Amino acid sequence: YLDKAKDTRNTIYYYKLDGENVCKNLIGSEKHNTVKISVSNNENEKSIFLNWNRYQGWLNGVARYEVWRRLDNESSYSFYEQLNSDTFLILKNGDMGFKHCFRIKAIENSGNNQQSWSNSFCVEFEHKLAISTAFTPNGDSKNDNWVIPMIELYPECELTVYNRWGSEVYHKAGYDNSWDGGNLPTGTYYYILDVKNRKEVYKGYLMLMR
């Protein structure tokens with residue numbers, strides 16, 4: 001039986017099965033409840049907080065809770081982490097993707113593989129790029145490449161750099177923080193970073209200092 005009309009995202013439901021045996025005696029199951037997960041995120045700290053209620057109703061209790069996650073365009077949920085008794089989890093890896101979806105699976109303690117899934121809950125990050133305005137490719141292994149944090153989340157990006165006279169001096173589709181300035185002299189350059197999959201374009205000036 002599947003009751004699709006219930007709002008399991010916002011409400012915890014309790015249920016039990018009542019009936020009678022062949023002798024017309026009333027029998028019934030233990031009262032069980034649904035598991036409701038809530039998720040919140042912090043854009044600045046790139047953190048995610050998961051919280052859910054305990055499952056009740058199994059005679060031997062819950063053996064563990066499993067956290068399952070789906071990132072961005074993944075087609076299905078994958079096992080992420082196991083907790084024996086805690087009903088909350090704090091993650092610090094919000095920069096792994098834009099859309100993070102979670103479900104909880106409660107597993108019964110008797111080894112009979114009884115399980116109960118929670119609702120699904122998703123949060124989203126904007127991941128605005130913080131683009132540095134200078135780098136120093138002088139061979140000291142410090143700031144030698146122009147590094148844009150989290151650019152790996154934008155594999156379809158396209159970077160073009162121009163000198164002060166408007167001539168293109170560097171271009172790379174799928175920029176990967178690999179530009180070391182080449183043979184360009186110290187100076188001010190103009191960049192255009194087209195983040196195609198987010199439909200954003202970043203423009204600005206960049207100082208290359210030897």
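The values are calculated or read from the model by the stated rules, or taken from the named source; none is laboratory data. For clarity, every value in this text was computed on a predicted model and none was experimentally measured. A quick note on method: Cβ atoms are made from the backbone with ideal geometry, for glycine too, and the neighbour counts reach across all protein chains shown. Ligands, DNA and RNA are stripped out before the accessible areas are found, and what is left, the full protein with its side chains, is counted by its heavy atoms. Shrake-Rupley method; radii C 1.70, N 1.55, O 1.52, S 1.80 Å.
Measuring between alpha carbons in the structure, the pairs from 92/172; 99/172; 46/196; 24/105; 99/196; 16/36 lying more than 25 angstrom apart are 92/172; 99/172; 24/105. If you run the Gaussian network model on the chain, springs between alpha carbon atoms under 10 Å, then out of 47, 118, 29 the most flexible one is 29.
Residue 32 contributes an accessible area of around 30 Å² to the protein surface, as traced by a 1.4 Å probe with all chains present.
Leaving ligands, DNA and RNA out of it, report the carbon-plus-sulfur percent of the accessible area of the chain at a 1.4 Å probe.
Numbers: 6020 of 12740 Å².
Exposed carbon and sulfur together represent 47 percent of the surface.
Shape summary: the range 20-115 maps onto an equivalent ellipsoid whose semi-axes, from the alpha-carbon gyration tensor, are 35, 13, 12 Å in decreasing order.
Please label the shape of the range 101-210 as rounded, prolate or oblate, based on the square roots a ≥ b ≥ c of the eigenvalues of the alpha-carbon gyration tensor (a/c under 1.5 means rounded; beyond that, a/b larger than b/c means prolate, else oblate). Prolate, since a/c reaches 1.5 and a/b exceeds b/c. Built from the Cα atoms of the chain, the convex hull projects on average onto 16.4 nm², one quarter of its surface area.
The distance between label points at residue 200 and residue 60 comes to 5.0 nm (points 7 Å beyond Cα on the Cα→Cβ vector). No disulfide-compatible partner, judged by a Cβ distance under 4.7 Å, exists for the following cysteines of the chain: 23, 157.
Distance between Cα centroids, the range 119-147 to the range 12-63: provide it in whole Å. Going from one Cα centre to the other spans 42 Å. The mean accessible area for residues of the chain, using a 1.4 Å probe and ignoring ligands and nucleic acids, is 61 Å² per residue. For the pair residue 75 and residue 178, label points projected 7 Å from Cα toward Cβ lie 3.0 nm apart.
Considering only DSSP beta bridges whose two residues both sit in the chain, what percent are antiparallel, to the nearest 5? Of the beta bridges lying entirely in the chain, close to 95 percent run antiparallel.
Only one residue of 40, 19, 162 has its Cα farthest out toward the positive end of the dipole of the chain, where Lys and Arg carry +1 and Asp and Glu -1 on Cβ, and that residue is 19. To the nearest 10, the accessible area of residue 22 is 140 Å² with a 1.4 Å probe.
Residues of the range 110-129 with amide nitrogen under 13 Å from the 7 Å Cα-to-Cβ point of residue 30? The answer is 110-112, 114-115, whose backbone nitrogens lie closer than 13 Å to the label point. The listed residues 152, 43, 20 rank as 152, 20, 43 when sorted by accessible area, largest first, using a 1.4 Å probe.
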